[in-house]
1. State the answer as a single residue: which of A:Ala85, B:Thr482, A:Met252 lies farthest towards the positive end of the charge dipole of the protein assembly as shown, with beta carbon charges of +1 for Lys and Arg and -1 for Asp and Glu, about the Cα centre.
2. Of A:Leu184, A:Ile22, A:Pro214, which is farthest along the charge dipole of chain A in the positive direction, counting Lys and Arg as +1 and Asp and Glu as -1 at C-beta?
3. Do you know the relative contact order of chain B, to the nearest whole percent, from alpha carbon pairs under 8 angstrom that are 6+ apart?
4. Taking amide hydrogens as modeled 1.01 Å from N in the peptide plane, which residues meet the under 5 Å criterion relative to B:Lys99, leaving out close sequence neighbours?
5. Give, to the nearest whole percent, the P(r) tail of chain A beyond 29 angstrom, counting all Cα pairs.
6. List, in order, the whole-Hz ³J(HN,Hα) value for each residue of segment B:95-112 obtained from phi through the Karplus relation with A = 6.51, B = -1.76, C = 1.60 and θ = phi - 60°; use x for Gly and Pro.
7. Filter the GluC sites (Glu not before Pro) in segment B:25-119 to those in DSSP coil with at most 14 other Cβ atoms within 10 Å of their Cβ, and list the result.
8. Dividing the Cα convex hull volume of segment B:139-261 by residue count, how many Å³ per residue is that?
Amino acid sequence: MERKVFGALGTVIIGIAVIAGIGTYVAAAKNDPGITQATPAGSFTAEDGKSYPQVKLNLNVYPNSGFGGHHGAGGGAHPDWVSYALGGPNGEILADAKSGTNFQVPPHTAVTITVYQYDSGETLNNDFFAYVRGTVGGTAKFVKSYDTKAKANASPETVITNIPADMVGHTFTLHGMSDGKDQLFVSVPLMMSIDEEVGAAEEGATESGYVQNPTKTTFTFITGDEGEYVWNCEFPCGDGTIARFGNAMSAMGYMSGHFIVKA
Amino acid sequence: MTTFATKNEKKALIERLNVFTAFALGTIAAIVVWRLSLAFLPADSESAPLFTREDKITLLSMIAWFIGFMTGIGALIAPFRWVQGKDLTHEENMFYAGKDLGIKRYFRYTTDHKVVGIQYLVITMVIFGIGGILAMLIRTNLGTPEGGWIHPQAYNSIVGTHGIIMIVGTIIMVTGPFGNYIMPIMIGARDMAFPRLNALSFWLIVAAAIPLIWAQFIGGISTGWSAYNPLAGQAPLGMNGYIMFICIFAISTMVAGANITTTVVRMRARGMTWNRTPIFIYGVVASVALALPAFPVFFLSQVMSGMDRALGTSFYNTALGGSGWLYENLFWIMGHPEVYVILIPAVAALMEMAPVFTRRPLFSFNVAVMGIAGISGLSVLVWAHHMYMSGWAPLLSAPFMLTTELISIPTGMLFLVLVGTLWRGRLWMTVPTLSIFALLWNFMIGGITGIYLSDVPADAFLHGSMFVTAHFHYTLMGAGLTGAIAALIYWFPKMTGKMINKRLSWIAFWLTQIGFNVAFMGMFFVGLQGQPRRVEAYAEIFNKGNLITTIGAYTIMIGMLILLYAVIDSWRSGVNAPMNPWQAKTLEWTVANPVPLENFEVLPIVTSDAYGYGKAKS
């Protein structure tokens, strides 16, 4: 009988080990691109006079994944999918950016995000997302043409509350529901770059394959308590799928990611 | 005529083919077609709605795998001969039957129903093993609210794969092993009506398994087991693995259904009138008879799904004139009868055992038959209760609610038969006996919660929640799997010639049943709180119920692993079983252990029913 007891116990242990082994493999295979910590940038004084520590993030949106970056050489598994990525301080294309679309910022902090938009665009399904929502003052700063070579605005900076719904390239939409208690909804439309220029750039008219003058949008919002959120683009840019919300739109690391508020 | 090789002689083709040649040929065929498709398939036009070229390549490669595998296992030899106007020789038929082949016959295209039964038993255990591992990954990830152990997309695929693999496992768990091994002997036949189709039905399942595994490496099955369209139309290439898996499995089920039905109708022993036919046979026949119309519909639904993906058709794509509701209807026309394909044979197996372990006749044989017939008839008229909230035909909700609730009546008849047989019986407390009580308890909870879900207003609140998940686990696992495990323990002596270890099987039974009720009561709790199904992370308020469910799941796992050990150890070195250890009266217990190749030296003549243990006291 003792042999059978040990046998049964051994089977249970082997079973648990198999499950743990497969689970560890699956967990490791998720190939999480990691989390980017926002860069500290001094302090920010809100309209009510209250002062917050400030952090910054620089993001680029590309019409494909050919920039390398977190998708790897040649654009990875889906080189033709549109993608967000970390960018340089002046919209530089970072081919060696290791992390993807997961960001971490501190609680009770002013977060300033600048997005350089290299893609063209069309019409939104829902005009709601053509409006700036959840930012400080309900506004964003917008530059229609930013010269990435001269590292200067090629057109004047304006303050916007919305853009035309038929000129949206993408959106940055941080959804309100978190796994904690604080709600944090931010949505900012990103103006399209000019269609012809995007097309010409992709066909080799520019060295990088991207437009020289993307649009630039900067906005600031204040975080609450700790929590983890999901953000994504609300422009239907998952080409090749029904309703265009598949492919890049439904894959983390392309047009969506996690936004973690944590000290 | 084939001459079989003696040692050192060149082997005939029929002797060379086995599971290894099948895997080799299938793999080579898939790789060749994949390379050719890559080289010659034209690129998609700009207007192609989906990534169709990749789908074409994947599906063609999987079809090549299937054809290669079936050729490599030897399934095409007999049809090829038939096309040539010939047939297999007696020697070849005996070779196919596994005569004198020893353990090798389990790895070949063997036609003997007993070999096929054992093959089904092993593959069912493998399927439950894989499905169980996936279940534990799910429950471990849900052990804490934030999840995150597994990537959400991998989690979705694990949930979908767990669902479909367990459904397939439960479909075959009784009709596969026991319908094949026991049923022909129980009716006094030498084999199945179509032995080659019998082997075919088994090897089709093996062939189907590979595309499902393949799917995990090309994007997975991110849609849940139901693979609703147009969601499935947008899913990654892994969806093609699901499509191929279902198509091949559906063929297997159709083939098995035709074979079992024909065998029972045409090959019962002399004197085995319908009134003397054991109730288990009714359960098996009802199951496959339901599967016969249901699975062609499932097959068709997946063919259309594959065409939408690979050929740019729009059966389910609303944007191009199709309808997602079409898929939902086709799916559930299979999906609800399938519940009874699973349940009926498991309950019938327990009804078969109840007289044996109470030493009383089955309480009202006719009511049992009417119950099985009633469930079977009504089960094809209830499918749209899965679609109350889909927006399809709201006016039909009331009729479907009525038919669904009517099914409680024949189900109640089966309860009545079991309770009536147990009532005042001299209970022989074996694991099968305990399983009858477990089934009554679990099926009662599964059934009553099913009534709530069949009710349109209640379903509006409960649908899509963990309450639904708990409900169908109570029916399919709590009732169905409990019956199947009881059947394994009951017929283990006949199938293996050994007695299963009593102490270990008792421990396994109690751990499994306690763990099961803890796990799924916890799931009912979070379902009522409002937790949706198929989520990788959840709000803090659902934590307690989920933790309870995870603890219960681990308890089930320990119970199942102990049962697995008991089966393997008893099979290898258990106590030799007498010919009729339970003193039962059905025909399978009249043949020796091990059962000879053609079962009976002289075919039996039946003169009474199988439940003559004495009169039932009313």
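1. Value computed over the given set: B:Thr482.
2. Going by the charge dipole, the pick is A:Ile22.
3. Over chain B, the number comes to 15 percent.
4. none
5. Roughly 35 percent, once rounded to a whole number.
6. Values per residue, Gly and Pro as x: 5, 4, 6, x, 4, 6, 9, x, 5, 4, 5, 6, 10, 10, 7, 8, 9, 4 Hz.
7. Details: sites: B:Glu46, B:Glu54, B:Glu91, B:Glu92; in loops: B:Glu46.
Hits after loop and neighbour filter: B:Glu46.
8. Per-residue hull volume (Cα only) is 111 Å³.
Values quoted throughout were computed directly from the atomic coordinates according to the rules given, and no laboratory measurement underlies them. All values derive from a computational prediction rather than experimental measurement. Using ideal geometry, Cβ is built from the backbone for each residue, glycine included, and neighbour counts are taken over all protein chains shown.
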